[in-house]
Amino acid sequence: MFPATAGGSFSDPGHQMNRFRLLFFAVALPAPLFSALACDSGPQPMNVVEATIPQVQEAILSGQTTCRMVVQAHLDRIEHYDPNTVNAITVVNPRALSRADQIDGAVARGEELGSLFCVPVLVKDNFDTRDMVTSGGSAALRANYPPDDAFMVSRTRAEGAIVIAKTNMAEWAFSPRETVSSSFDTTANAYDLERVPAGSSGGTASGVAASFGLIGLGSDTGNSIRGPSSHLALVGIRSTIGLTSRDGVIPLSFDRDIAGPMGRTVADVARVFNVVAGYDPADPYTEAGRDRKEPDYTDFLDPEGLRGARIGVLRSLVDQEGADTSIVRIFEEAVADLARLGAVVVDPFEFDVYQQLERPGMFCQRFRYDMHQYLLSLESAAPMTDVLQVLETGEYHPSAQRSLERYRETPLDIHPSRWDPPCPDYLQHPERQGYLQDLTAAMDQARVDALVYPSWLLPPAHIHRGREEYGGDNSQRVAPATGMPAITVPMGFSYGKWPAGLQILGRPYSEGLLFKLAYAYEQGTLKRRPPEGFPALGEG
């Protein structure tokens, strides 16, 4: 059972979030969602492949299925498919079905339900979960059970979501290239098991793409929500720095880390974003965004949302040497679709991204310090106080050694702002703020609402050549340094088989606009399709 003290009860009337009142109503659901339906039949198991949050919740409320059946269907898919295919799942929640039974009881009693009731969530293995191991991809934390949930985990559980499983990640979130850990090994791309899902949230991405959960939580320091989402035909959003809390997420670089949802539709991601965004006193960065959250991001979901929008094409992240011709062709089709759907396309939008990235001190090597702070939060359960101890114990994957060793000379317990030379936090960092000011000024001058570019310029690398074939990762170039929000949405498949993502970047706190533009593009193109190797059980 999940105690209310670790995230609140899903029926807690004091929780200030959107609520569902229990309404028994007839809903029209696509026939393939159910294995059998008759007018007077009882609840039936549901085909959860590509199912959405509204479809699942409406089916439960109308009596066509139950929360237990929904959760069991996802557990069955994990058991049947994951071990011999993608290896996305690290641990399954043994209490998932009992939590589903609680929700079914609340439905039967006509109680108020949270906005995410019975949403099976896949959670990246760097989010603290008090009842499941949180390894951060490291064998050194293979037995780590944190004292409480991460902020986002707590918020989703309070709204009735069920953490169905944890997902594999790149060790310590070091790699944007691949998802390889010393704790749970290697994750493959659900669309091609011989390809990478990118990193570091590759387990979440492949798991959601294969319908092991309705939604996923990932983290993004430079690429790790948007990159894997692009490689798995998902929607993934990196918020403005300050709008979302990172409390309870194992850090890579606290001044750049962002956590957030990854899903198969823009609407599902917006629903979860409603819950996970907002002020958190445990994360000092959210003070800047305390009053900037929109009341409801789903209000922006307008299929006509591109009409009249001015969209700039950031050509410096398109016309690059070595860019894959198939992806560039797909991107040009996406730009044409934006115009067809009513956008005013400003092409090119002139701005030298690479000159901005040459500003001094743009990236702070603060992982050792930030990990020390995290390990202190584990109190007596912490297996170490200095992450570099793993270099002595050997508890690391060989691919992580070089990244670990680069932090040998960085201080353990001195805040980076006091280093010599200092590395200020984001809001006090003159070069990062200068990049932000220059880009927003250029957007103002061109009168553009948002910018677009391919999330990746290359297809997924071969799974055993993730490092050697790494390239074309555009997610690193703008949003992490500037703190601006960006969303990726499926724009097609290179060579007809490997997913590619369109990235939309906006001004700080313009997440509502990003959801609006992404939704209109998604609905006007419908580029996503599920991976072929994971049909409904009993089919294929």
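The values are calculated or read from the model by the stated rules, or taken from the named source; none is laboratory data. Keep in mind that what you see is a predicted model, and the values were worked out from it rather than measured. Cβ sites come from the backbone with ideal geometry, for glycine too, and all protein chains shown count toward neighbours. Heavy atoms of the whole protein, side chains included, go into the accessibility calculation; ligands, DNA and RNA do not. Shrake-Rupley method; radii C 1.70, N 1.55, O 1.52, S 1.80 Å.
Couple of notes before you dig in:
- If you go through segment 459-486 and keep only what is crowded, with 21+ Cβ neighbours inside 10 Å and of a type in the set (A, V, I, L, M, F, W, C), you end up with Ala461, Val478, Ala479, Ala481, Met484, Ala486.
- Hey, Thr410 touching a residue at least 40 places away in the same chain (Cβ under 8 Å), of a type in the set (Val, Ile, Thr) and surrounded by 13 or more Cβ atoms within 10 Å (Cβ to Cβ) or not: yes
- Flag if Gly538 is at pLDDT below 95 and not in a strand (DSSP E or B): yes
- Residues being touching a strand residue (DSSP E or B) at 6+ places or on another chain (Cβ under 6 Å) and not aliphatic (A, V, I, L, M) - total across segment 97-114: 2
- Qualifying residue in segment 108-119 (condition: open to solvent by less than 40 Å² (accessible area, probe 1.4 Å), touching a residue at least 12 places away in the same chain (Cβ under 8 Å) and under 26 Å from Gly533 (Cα atoms)): yes
- Looking across Ser417, Ser380, Ser399, one residue alone is open to solvent by less than 70 Å² (accessible area, probe 1.4 Å) and modelled with pLDDT under 95. It is Ser399.
- Of everything listed in (1) on the phi > 0 side of the Ramachandran plot; (2) open to solvent by 60 Å² or more (accessible area, probe 1.4 Å); (3) in contact with a strand residue (DSSP E or B) (Cβ under 9 Å, 6 or more places away or on another chain), the single unmet condition for Arg329 is (1).
- Any chance Ser245 is open to solvent by less than 10 Å² (accessible area, probe 1.4 Å), farther than 15 Å from Thr156 by Cβ and among the polar types (S, T, N, Q): no
- Looking across segment 47-66, the residues that are without any contact (Cβ under 8 Å) to a residue 60 or more places away in the chain and either surrounded by fewer than 23 Cβ atoms within 10 Å (Cβ to Cβ) or in a loop (DSSP other than H, G, I, E, B) (or both) come down to Gln55, Glu58, Leu61, Ser62, Gly63, Gln64, Thr65, Thr66.
- Identity of the residue in segment 143-160, over 16 Å from the mean Cα position of the chain (by Cα) and of a type in the set (A, V, I, L, M, F, W, C), that ends up modelled with the highest pLDDT: Ala158
- Annotation: of all residues in segment 503-535 being assigned to a loop (DSSP other than H, G, I, E, B) and among the small types (Gly, Ala, Ser), the one that is surrounded by the most Cβ atoms within 10 Å (Cβ to Cβ) is Ser510.
- Qualifying positions in segment 206-219 - over 8 Å from the mean Cα position of the chain (by Cα) and among the small types (Gly, Ala, Ser): Ser206, Gly207, Ala209, Ala210, Ser211, Gly213
- When Ala441 is tested against the conditions (1) open to solvent by 10 Å² or more (accessible area, probe 1.4 Å); (2) touching a helix residue (DSSP H, G or I) at 6+ places or on another chain (Cβ under 7 Å); (3) not acidic (Asp, Glu), the lone failure is (2).
- For segment 425-438, the tally of residues that are open to solvent by 30 Å² or more (accessible area, probe 1.4 Å) and either part of a loop (DSSP other than H, G, I, E, B) or charged (D, E, K, R) (or both) stands at 3.
- Listed by first and then second residue, the pairs with beta-carbon distance under 7 Å, at least 6 apart or on different chains, first residue in segment 278-292 and assigned to a loop (DSSP other than H, G, I, E, B), second open to solvent by less than 60 Å² (accessible area, probe 1.4 Å) and of a type in the set (A, V, I, L, M), are Gly289/Leu243; Arg292/Leu243.
- Taking segment 73-101 as the range and being assigned to a helix (DSSP H, G or I) and surrounded by 18 or more Cβ atoms within 10 Å (Cβ to Cβ) as the test, the residues that pass are Ala73, His74, Leu75, Arg77, Ile78, Tyr81, Asp82, Ala96, Arg99, Ala100.
- Among the residues of segment 322-371, those identified as in a helix (DSSP H, G or I), touching a helix residue (DSSP H, G or I) at 6+ places or on another chain (Cβ under 7 Å) and among the charged types (D, E, K, R) are Asp337, Arg368.
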